[in-house]
1. Quick check on this structure: which one of Leu22, Leu8 is open to solvent by less than 40 Å² (accessible area, probe 1.4 Å), more than 17 Å from Asp165 (Cβ to Cβ), modelled with pLDDT of 95 or more and more than 17 Å from the chain's Cα centre (by Cα)?
2. Within the set of pairs 6+ apart or on separate chains, which have a first residue in segment 187-209 that is among the hydroxyl-bearing types (Ser, Thr, Tyr), a second that is surrounded by fewer than 17 Cβ atoms within 10 Å (Cβ to Cβ) and at pLDDT 95 or above, and C-beta atoms under 9 Å apart?
3. Among the residues of segment 45-59, is there at least one that is more than 24 Å from Leu110 (Cβ to Cβ), open to solvent by 50 Å² or more (accessible area, probe 1.4 Å) and of a type in the set (D, E, K, R)?
4. Looking only at segment 1-59, count every residue that is part of a helix (DSSP H, G or I), of a type in the set (Gly, Ala, Ser) and touching a residue at least 24 places away in the same chain (Cβ under 8 Å) and tell me the total.
5. May I ask you to list pairs of residues, at least six apart or on different chains, whose Cβ atoms are under 8 Å apart, with the first in segment 212-230 being within 12 Å of Phe271 (Cα to Cα) and the second being part of a helix (DSSP H, G or I)?
6. Scan segment 75-87 and give yes if some residue there is assigned to a strand (DSSP E or B), of a type in the set (A, V, I, L, M, F, W, C), touching a helix residue (DSSP H, G or I) at 6+ places or on another chain (Cβ under 9 Å) and at pLDDT 95 or above, otherwise no.
7. Filter segment 103-121 for residues that are open to solvent by 20 Å² or more (accessible area, probe 1.4 Å) and not in a helix (DSSP H, G or I) and give the result.
8. Looking at Asp66, Asp98, Asp76, can you tell me which residue is without any contact (Cβ under 8 Å) to a residue 60 or more places away in the chain and out of contact with any strand residue (DSSP E or B) (no Cβ under 9 Å at 6 or more places or on another chain)?
Amino acid sequence: METDQIELTAFEPSHLDGALRLSQQAKWPHRLEDWQMALALSKGVVAVEAGGHVVGTVLVTPYKSDCATINMVIVDEKMRGRGLGRKLMDIAVTMAGDMPLRLVATSDGLPLYEKFGFQETGRIVQHQGVVQPLAAPTDIHDAEPADIAQIAKLDRVAFGADRTDLIAYLSRHARFAVSRQNGELTGFAALRSFGRGEVIGPVVAGNLDEAKSLIAFFLATRPGAFVRIDTDAASDLSPWLEAGGLADVGGGIVMWRPEESSTENGAARIFALTNQALG
């Protein structure tokens, strides 16, 4: 089937089963619940062929008016090489308007994204595996409902955009842990179900040791569980994660459009992403 016979339409909940089939075909780990989260925080487009079969997806996740991420760009293997991916990206970029854009690319997708003006700004390393026994840190605690507003503020400092909606969603569907110094919240991490097991992220902290403590707080409660963490390659977390049984299984290329300077201000930084799709 040619791409001019494909209908491009708004991504609705009724398309989720078809989207799940595509991610399974691509050997992505996303469950239906993971797609539901992505769609709840995003707007998007699906490509549908005759009979209602979904053959392409793209989502745009806006963070207020600060920026947006483009994610879940998938084209059915039988439709690849026909320009459908470019059509989906054209629509995604148009949907985002003037907002700066971010995405995490595979090496296969890199040439397409470069044509849209995206530039590489970093690398993501994906770690995953079965958690080994680990002593729990004593200076990390579960977050309280009153902490959510401060978590959102700290996340904005680290990420460089207002992700209040994401933090609010995670507050209902994930478990937060926090670190404090002199009574002030200085870091946080989130744990939720994802893919084959669970994912830790985002993790925001002022330094590497604080980030390790936040992650260790969750790992200590999950011996034998399958856990994934997507971390900035420059964070220096990888050797510690691998020593704990979470192997480096690849990653992705961080790209921004237009290229922006680092958002770090010395007070807090992102050590682990929500996942590669949502940043």
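The values are calculated or read from the model by the stated rules, or taken from the named source; none is laboratory data. None of the values given here were measured: they were computed from a predicted structure. FYI the Cβ positions are ideal-geometry reconstructions off the backbone, even for glycines, and counts take in every protein chain you see. Calculation scope for accessible area: heavy atoms of the full protein, side chains included, ligands and nucleic acids excluded. Shrake-Rupley method; radii C 1.70, N 1.55, O 1.52, S 1.80 Å.
1. Checking each option against the conditions leaves just Leu22.
2. Ser193/Arg31; Ser193/Glu33; Ser193/His173
3. no
4. Residues in segment 1-59 being part of a helix (DSSP H, G or I), of a type in the set (Gly, Ala, Ser) and touching a residue at least 24 places away in the same chain (Cβ under 8 Å): 5 in total.
5. What qualifies is Lys212/Trp240; Ile215/Leu241; Ile229/Ile215; Ile229/Leu241.
6. yes
7. Val104, Thr106, Ser107, Asp108, Phe116, Gly117, Gln119, Glu120, Thr121 - these are the residues of segment 103-121 that are open to solvent by 20 Å² or more (accessible area, probe 1.4 Å) and not in a helix (DSSP H, G or I).
8. Answer to the check: Asp98.
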